[in-house]
Structures are given as C-alpha cells and as structure tokens.
Amino acid sequence: MDTIYALASATGKAGVAVVRISGPHAHACLTHFGVERPALRKAALRRLVVDDVLLDEALVLCFPEGASFTGEAVTELHLHGSVATIRATLAALSKIAGLRLAEPGEFTRRALENGCLDLAQVEGLADLIDAETEAQRRQALKVLSGALGEKAERWRTDLIRAAALLEATIDFADEEVPVDVSPEVLELIDRVSDELKAESKGSYISERIREGFEVAIVGPPNAGKSTLLNALAGREAAITSEFAGTTRDVIEVRMDLNGLAVTFLDTAGLRETKDHVEGIGIERAIERAKHADFRVFLSADDGGFRGLKPEKDDIQVSGKSDISGKPGVSGKTGDGVSMLVHNISSILSERAQGAVTATHERHRMAIDQGIEALESARLEVLRGEERAELAAEELRSVVRALDSIVGRVDVEHLLDEIFASFCLGK
C-alpha cells in the first residue's frame, strides 16, 4: 500500500496550511525532515529541515493506525500558509521513496475501505464540502454522522429476524412447528415497510435541500418580473425595459434564503406572440415554471397566465404596485418585497420539515426497490407456509437493497464517480 500525501486545506495563501500524509510510511517520513516523531495525538512544534535548508517551523500531529480519519497511520503538518512554503514542503515529500501525491478523494476512499465510513457517510462528507447554506450544512452533518447507516442497520436487523423465522419453518417442514411465525413476520415486514415509505417520500425534500429549491417568477410581459428579480438579487441580474418581450431566456439567481438554497427564475412574459424567438422563450418559461418547486405569479392589468395555472402554495401578487397603486409588490421601490420573501421562506421552511436522512436519488431507488420486494414478501407469507421459502428470498432481496445504501454490496461502479467530486486533500 502506497503512502499518500496532499494539501488538506484550501489552496492559496492562508494563515495555516495543513498537509496530510497517510499510509505505512506516514510517521517514518518525518526523518526526512530531521524530525523526531512526537507523541501520538499530541501536537508538537518541529523545525522541518531538508538538505540543511529550513523549510518551516510547523506543528506536527501524528495519529496511530486504527485511530485516524483513514484508519491508517497519519501525519499532519500544520504549516505557515504561504504558497512558497506549501510548494517546498510538497516537493520535499515527492522525493521520499514510497510516497506519492494522493488522487482526488483517495483519503476518503481509504476511510471507506478501512471501515471508518460507510458509503452514505462518504456522500454526506461530499455534501458537507459543497454546503452553501445552514440547512445544507445541518443535513450533510446528519448523514456524515451515520444516521442513515443506523436506520439501514435497524431495518436490516428486523428483516434478518423475519427471514430467520421463515427459514425455521422450512427447516422443520416435516415436523409440527408449535408456533405460527407469520404474525411476527408480518409485523416486522409492516413496520419496516412503513418506515421505508416515509423515508422514500421525505427523500424528495432532502434532495431539494441538498440541490436547492427553485422558485419561478411568472406572469405577462411588463408585470415587473425582471425588476423584482433584480431587487431580490440586489444587483442587475436581468435586463429591464418598458418594451414587452425583453426577457427571452430563463435567468437564474441563486441565493441563501433563511438557511435554504433557493434559485429564483425570471421567465419570459406569458403572451401570444408571432415572434419565433420570443415564442421559444415563452415555451421554456412554461416548462421551467412547471418543474419549479412553486411559482410567484405577478399579475398585470392586461394579462392572464397563458399556459400555467396557479397550484397549491403558489403565490399570486400584483406587480408594479408603485404604478398601479394596488397592494402588491414593486421591485423598483422595494414595496412588499420583504413580505414576499417572508412568505416564500415560510413555504419552503415548512416543506423542509419533511426532510429525512436519505438525501440522494441513489438512496431512494434502493429504498423503493426494498419496498417493492417487501410487498411481494408479505403476499407470499399470507399464502401460507408452503410459500415461506419464496418469502424469505424476497426479504433477502430487501436486505441486499439496503446494504447497497451503505456500500456493503454492488456499489463498486459508483465509487469512481463519487470520489471524482472530491479534492486532493480529501
């Protein structure tokens, strides 16, 4: 096994830079710098010297095998964070036999292979690195802490118990079994099935928190949509004009709304038009608005909402209230904008309450596969003891589906894709 190293902190100038080294030579490589290994898990100040040249005076911290992030022997060099110091230290490490620069995500991949993290926790770590908002941070930390793995293990334990009860009836098929196991088996199946259905349903909200909600601003031309978007963004994100049809394409502005990632969409004005290009923009507007989490309909005196109808939670408000004099919202003066933001935030915050620990489509697909197999298992149990073997096999299928969530089985093809999103130091 190679010993790997990489800069674990952000690139560029900083107060402190951390270089991580993991593998069998992680501690021994310190001799290359003329440094004695400090006591394990205790930071010590050391002068890093190579060929009689002082590279830096750094804090050195060593972790033993089995008690580090990767599960291997690990050394961390906490350097002064200048670009030159980092470059010189990495160059010195590259000259040590048995060491090589880590590949993207390789530290985390070793943590997975050594049983320090399960696959769901790896995904949680990736989400934490990418987190932009408070809600994303909290959700990612929950997954990283192993919450989904704990649920999967509980479901797995119940299903193995149910399968064992069924297999006992198979083993004693020629004898009279004193107890009918079907009531307990059905209770276990129903309990796990209910929890899996709740997890599958809530995963859609969890995924929206992770990826961000979309709110489309729609309405007829000159309703004030682009001006409102600019007011929300605090900058000139969209071109505004008194001429109808100015907005031809969907303009996106992403922001943090009370801890939730939200992308506002400014769309083309909804009207009948003979302009081919504007027509394409209107069709795109309708399509994106339909797939948004909800819509803000800006009304105008002369228009309806061609191709769209307000749905539950959609907000309808009068635009350009500074001109119309009607209660509503004006992106130009800011009138009603704070209340609109409050209403949008309330709707999204209420939806976010339904979030669960399954946060990726991969999780949901495995869970849905398990739900389907559980339904089959239940039917087989109800058909009598002669179908016990088929019911037990269906339960084993559910266990395999749940095992794929945490990476026990059938996920090798996913690993390269997952770890490609990591930086070198992770």
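Take GLU361 and decide whether it is of a type in the set (Asp, Glu) and touching a helix residue (DSSP H, G or I) at 6+ places or on another chain (Cβ under 8 Å). Break it down stepwise before answering.
Working: of a type in the set (Asp, Glu): yes; touching a helix residue (DSSP H, G or I) at 6+ places or on another chain (Cβ under 8 Å): yes.
Yes.
I'd like the residue in the stretch 139-153 that is free of Cβ contacts under 8 Å to residues at least 60 places away in the same chain and under 13 Å from the mean Cα position of the chain (by Cα) and, out of all such residues, is most open to solvent (accessible area, probe 1.4 Å).
Filtering first and then ranking leaves LEU141.
Among what's in the stretch 225-266 and is open to solvent by 50 Å² or more (accessible area, probe 1.4 Å) and at positive phi, pick the residue that is modelled with the lowest pLDDT.
Taking the candidates together, the pick is GLY234.
Would you please name the residue that is farthest from the chain's Cα centre (by Cα), looking only at residues in the stretch 380-403 that are of a type outside the set (D, E, K, R) and modelled with pLDDT under 90?
Step one: of the stretch 380-403, the residues of a type outside the set (D, E, K, R) are 381-382, 384, 388, 390-392, 395, 397-399, 401-402.
Then drop every residue that is not modelled with pLDDT under 90, which leaves 384, 388.
On the way: GLY384: 43, ALA388: 39 Å.
Taking the candidates together, the pick is GLY384.
Could you tell me which residue of the stretch 151-195 is nearest to THR359 (Cα to Cα), considering only residues that are of a type in the set (Ser, Thr, Tyr) and modelled with pLDDT under 95?
Start the filter on the stretch 151-195 by keeping residues that are of a type in the set (Ser, Thr, Tyr), which leaves 157, 169, 182, 193.
After this cut, where a residue has to be modelled with pLDDT under 95 as well, the list is 157, 169, 182.
On the way: THR157: 22, THR169: 38, SER182: 34 Å.
Applying the filter and picking the extreme gives THR157.
Applying the selection to the stretch 55-83, what residues are closer than 28 Å to LEU125 by Cα, free of Cβ contacts under 8 Å to residues at least 40 places away in the same chain and surrounded by fewer than 20 Cβ atoms within 10 Å (Cβ to Cβ)? Break it down into steps so the answer makes sense when it comes.
Applying the first criterion (closer than 28 Å to LEU125 by Cα) to the stretch 55-83 yields 58-83.
Of the ones still in play, those that are also free of Cβ contacts under 8 Å to residues at least 40 places away in the same chain are 58-67.
Once the filter is applied, which keeps residues that are closer than 28 Å to LEU125 by Cα, free of Cβ contacts under 8 Å to residues at least 40 places away in the same chain and surrounded by fewer than 20 Cβ atoms within 10 Å (Cβ to Cβ), the stretch 55-83 yields LEU59, LEU61, PRO64, GLU65, GLY66, ALA67.
What number of residues within the stretch 323-350 are at pLDDT 90 or above, touching a strand residue (DSSP E or B) at 6+ places or on another chain (Cβ under 8 Å) and not β-branched (Val, Ile, Thr)?
Result for the stretch 323-350: 4.
Among the residues of the stretch 37-54, is there at least one that is over 30 Å from TYR204 (Cβ atoms) and buried (at least 21 other Cβ atoms within 10 Å of the Cβ)? Break it down stepwise before answering.
Initially, the stretch 37-54 is screened for residues over 30 Å from TYR204 (Cβ atoms), giving 37-54.
Going one step further and asking which of them are buried (at least 21 other Cβ atoms within 10 Å of the Cβ), we end up with 48.
Yes: the stretch 37-54 contains one or more residues that are over 30 Å from TYR204 (Cβ atoms) and buried (at least 21 other Cβ atoms within 10 Å of the Cβ).
The values are calculated or read from the model by the stated rules, or taken from the named source; none is laboratory data. Every value quoted in this text rests on a predicted model; they were computed, and no experiment measured them. Here Cβ is always computed from backbone atoms with ideal geometry, including for glycine, and neighbour counts include all displayed protein chains. Please note that ligands, DNA and RNA were not included when accessible areas were found on the heavy atoms of the full protein model with its side chains. Shrake-Rupley method; radii C 1.70, N 1.55, O 1.52, S 1.80 Å.
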